Amino acid sequence: MKQLILSLALIILINPIYASEHDDSGFYVGLKTGVWEFTEDPIGKFSSSSTGIFGGYKYNRYLAIELDYLSNTRATASNATESSTVESNSYILALRPILPLNDEWELFAKFGVEYYRFHDTITQIDGTSKNITGEKNVYSQGVGIGWNKNNFQVRAEVQGDKEFDFRVYSIGLAYNF
């Protein structure tokens, strides 16, 4: 954690040196689609499609703050005695440090908090079932790469959390205002 704080402080301190060359500040919005997976369940591994919208404010070339909404479609896993169907959605607020590789390409990370809601229907082999609905706040992290051209960005990223072993692999398109 100390390394993360030190790295972010260094990025913020270095920024004025390059501010006159690159004014990349401003708002952005985008859409993304991909696959989500959840592997830490005694019943099995879940995987299905995910769609989302995101938006944020880019302070400079090196730092942005972003809000994501993800809708993860229904997925089913089963073993010899039961099956489970899960669907979820989440809101993620993240700090997004950026490493520009050149004027078009960048690498980025995401560190934030995620409000996660889910609904799980577990059906036993005898036909009985129970519904579990819940919500939780967890820490979220991610990494990605972006290609910028004119006011658009195409990005590929993976984000998730360690508590549930939940991940989303996505591609997205953003417009920078």
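The values are calculated or read from the model by the stated rules, or taken from the named source; none is laboratory data. Given the structure is predicted, the values throughout are model-derived calculations rather than measurements. Don't worry about glycine lacking a Cβ; one is built from the backbone with ideal geometry, like all the others, and counts go over all protein chains shown. Ligands, DNA and RNA are stripped out before the accessible areas are found, and what is left, the full protein with its side chains, is counted by its heavy atoms. Shrake-Rupley method; radii C 1.70, N 1.55, O 1.52, S 1.80 Å.
In the context of the full set of protein chains, residues of the stretch 62-127 present 47 Å² of accessible surface per residue (probe radius 1.4 Å, heavy atoms only). Model label points for Tyr69 and Glu163, set 7 angstrom from Cα along the Cα-to-Cβ axis, are 2.2 nm apart. The protection proxy used here, the mean number of other Cβ atoms lying within 10 Å of each residue, ranks peptides 141-151, 105-115 as follows, highest first: 105-115, 141-151.
Return the carbon/sulfur percentage of the accessible area of the stretch 77-174, one whole number, probe 1.4 Å, all protein chains in place.
Whole-percent figure for carbon plus sulfur exposure: 59.
Ignoring lysines fewer than eight residues from Lys110 along the same chain, the ones with Cα atoms less than 17 angstrom from its Cα are Lys2, Lys32, Lys58, Lys162. The residues of the stretch 129-177 present an accessible area of 61 Å² per residue when probed at 1.4 Å with all protein chains retained.
Bridgeable lysines around Lys130 (alpha carbons under 22 Å apart, same-chain partners fewer than 8 residues away excluded): Lys45. The slack between Asp103 and Ala156, meaning 0.36 nm per residue of separation minus the straight C-alpha distance, is 17.3 nm.
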